[in-house]
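The values are calculated or read from the model by the stated rules, or taken from the named source; none is laboratory data. Please read these numbers as outputs of a predicted model, since none were measured by experiment. A quick note on method: Cβ atoms are made from the backbone with ideal geometry, for glycine too, and the neighbour counts reach across all protein chains shown. When the accessible area is computed, the model is the full protein with side chains, heavy atoms only, and any ligands, DNA or RNA have been set aside. Shrake-Rupley method; radii C 1.70, N 1.55, O 1.52, S 1.80 Å.
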Amino acid sequence: IIGKIAKENGYRVYLVGGIVRDFILSKKSLDIDIIVEGDIEKIIKDYVKNRKISVYFFKEFMTATLKLENGIKFDFATARKESYEYPGAYPKVEKATIFEDLYRRDFTINTLAIEITEDRFGTLIDFFDGLKDIKEKRIKVLHQTSFIEDPIRILRALRFAGRFGYKLEKNTEKLLKLAVEEKLLQKAPTGRINLELNLTFDEENVLYILNLMDEYKVLRQIFPNCFINLEREVIIAKISEAINIYKVLFDLKIEKNSNYLMALMYHLPFDVSYFVLKKYHFDKSIKHFKYIFDFIDKFKNLPEKNIEFFKFLKTIPVEILPFSAIYFNFFEKSIEILKKEKEFKNIISGEDLKNIGIKPSPIYKKILSEIFKLYLDGKISSKKDAVDYVK
Ligand code: CTP
């Protein structure tokens with residue numbers, strides 16, 4: 001429909017960016033980015049007429065976002081050129097052709113487009129040999145000054161290389177190394193580094209990407225004296241696994257940030273980590289770091305009795321549980337105890353106490369916690385044991 005409206009108005013429209021790359025790689029993509037050579041306001045107004053669609057226009061950036069009722073989101077942008085006032089700045093934009101729009105992009109694998117204008121629907125546009133670079137698995141910049149214009153691309157290059165298992169093309173690698181040597185990342189807005197790190201922590205191959213960041217000496221520019229040695233590598237790998245296991249088994253809502261940040265800064269004193277977290281706007285993680293430092297003695301001398309361990313486990317903020325459990329070596333124990341907590345509902349409940357003939361009162365809580373203690377120690381292992389004990 002959008003292609004039809006475009007044709008009627010003499011405009012041209014294209015799918016661009018990640019969705020085209022991911023389509024070629026047969027991967028799912030959540031973002032649908034559309035570039036318009038023409039007036040996006042006109043196209044969108046015609047499109048949303050008589051339809052239940054929310055529209056948000058961002059005139060300054062010549063973009064708009066459409067949200068359909070089924071949750072699908074389209075990002076529209078007018079074909080444009082961008083210029084950067086200083087390295088890493090948010091870009092200034094002006095109208096341009098699709099060629100210029102694709103030419104301003106970071107890597108060739110991100111320059112593919114598929115035209116969706118009616119009559120040309122489905123035509124693949126590949127001005128910069130992006131298809132070849134996808135096939136040959138390489139990350140290649142379009143410009144010698146790509147990393148200078150936008151140093152965030154240093155992080156993006158390594159993130160894409162890690163995500164797809166691609167190599168940096170020779171010249172790109174040279175330019176990236178130069179940009180790192182020049183410490184260009186320090187000129188990028190810290191909010192953009194925050195966003196990029198968030199995306200990195202959300203990647204499936206987070207360890208591989210962090211390893212690349214270490215290899216190319218980027219990691220240490222963000223996290224003081226941070227190197228991925230064997231110890232840290234094992235910790236990060238185990239944290240990734242722990243995050244998944246806690247989620248799958250216990251449905252714990254774990255944000256990844258604090259865990260990976262802690263894994264990258266456990267060697268630093270709290271005040272240095274605090275400075276880094278503040279600088280890159282990870283304010284929410286500060287209290288998680290503080291918790292670990294405040295209770296470091298407890299973590300180093302974990303309670304031996306099951307019930308005491310259980311109580312301590314319950315006081316740890318769930319957001320930092322994976323790191324704590326791995327670093328202080330109580331992951332298996334935590335799984336065992338949390339499983340028991342989950343199973344306990346089938347061992348005995350208030351309903352059972354009622355059936356035994358005990359009137360509902362605060363004593364229920366006391367009885368249940370007494371039985372839970374015995375259950376944790378393996379002294380009670382079935383409903384029958386529990387009911388007999390109560391009787
Ligand atoms: N882009 C760029 N320079 C940047 C950020 C983005 O040139 N610093 C370009 C890229 O070419 C990209 C497009 O803007 O294709 C959209 O950016 P983004 O949504 O971040 O890229 P995706 O490729 O969709 O990444 P992801 O798969 O991680 O969503």
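Below, the figures for the structure above:
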item	result
Isotropic mean projected area of the C-alpha convex hull, segment 242-391 (nm²)	10.1
Student exercise, segment 141-276 dipole from Lys, Arg, Asp, Glu Cβ charges, in Debye to nearest 20	220
Distance in nm between pseudo-label sites at Glu336 and Val272 (7 Å out along the Cβ direction from Cα)	3.6
Whole-angstrom Cα spans of segment 189-276 along principal axes, big to small	36, 28, 24
Residues of segment 92-107 with amide N under 15 Å of the 7 Å Cα→Cβ point at Glu41	95
Kirkwood hydrodynamic radius (C-alpha pairs) into Stokes-Einstein, segment 78-220, 37 °C and 0.692 mPa s, D in µm²/s	206
Lys, Arg +1 and Asp, Glu -1 on Cβ, resulting dipole of segment 101-178 about Cα centre, debye, nearest 20	600
Kirkwood Rh, angstrom, the chain [1 / mean 1/r, Cα pairs]	24.8
Carbon plus sulfur fraction of accessible area for the chain, probe 1.4 Å, in percent	53
Given charges at Cβ of Lys, Arg, Asp, Glu: the chain dipole, positive-most of Tyr375, Gly18, Tyr166	Tyr375
Rounded accessible area of Lys187 (nearest 10 Å², 1.4 Å probe)	110
Residue pairs, from the table Lys81/Lys167; Lys247/Lys383; Lys247/Lys340; Lys359/Lys391; Lys92/Lys183, whose Cα atoms sit over 25 Å apart	Lys81/Lys167; Lys247/Lys383
Signed unit charges on C-beta, dipole axis of segment 192-299, positive-most listed residue Val272, Leu195, Gln221	Val272
Angle between the chain longest axis and helix 270-279 axis [Cα atoms, degrees, rounded to 10]	40
Extension gain (nm, one decimal) between Glu241 and Lys177, 0.36 nm per residue minus Cα-Cα	19.9 nm
Whichever aspartates and glutamates have a C-alpha closer than 17 Å to that of Lys67, once near sequence neighbours (fewer than 8 apart) are set aside	Asp31, Asp33, Glu41, Asp46, Asp75
Exceeding the 26 Å Cα-Cα cut-off - candidates Lys95/Lys170; Lys314/Lys345; Lys342/Lys384; Lys217/Lys253	Lys95/Lys170; Lys217/Lys253
Surface per residue (accessible, 1.4 Å probe) for the chain, Å²	53
Cα-based helix-to-principal-axis angle, 230-250 vs the chain, degrees rounded to 10	70
Whole-number percent relative contact order across the chain, with pairs defined as alpha carbons under 8 Å at least 6 apart	10
Relative frequency of Cα-Cα separations exceeding 17 Å in segment 27-156, percent	65
0 to 90° range, to nearest 10: angle between helix 363-376 axis and the chain longest Cα axis	80
Relative contact order of segment 44-179, pairs being alpha-carbon contacts under 8 Å that are 6 or more residues apart, as %	16
Extension reserve of the Ser83-Thr97 stretch, reckoned as 0.36 nm per residue once the Cα distance is removed	3.5 nm
Protection-proxy order for peptides 33-39, 197-203, each taking the mean of Cβ atoms within 10 Å per residue, highest first	33-39, 197-203
In segment 267-344, the GluC sites (Glu not before Pro) that fall in loop regions by DSSP, at most 11 other Cβ within 10 Å	Glu304
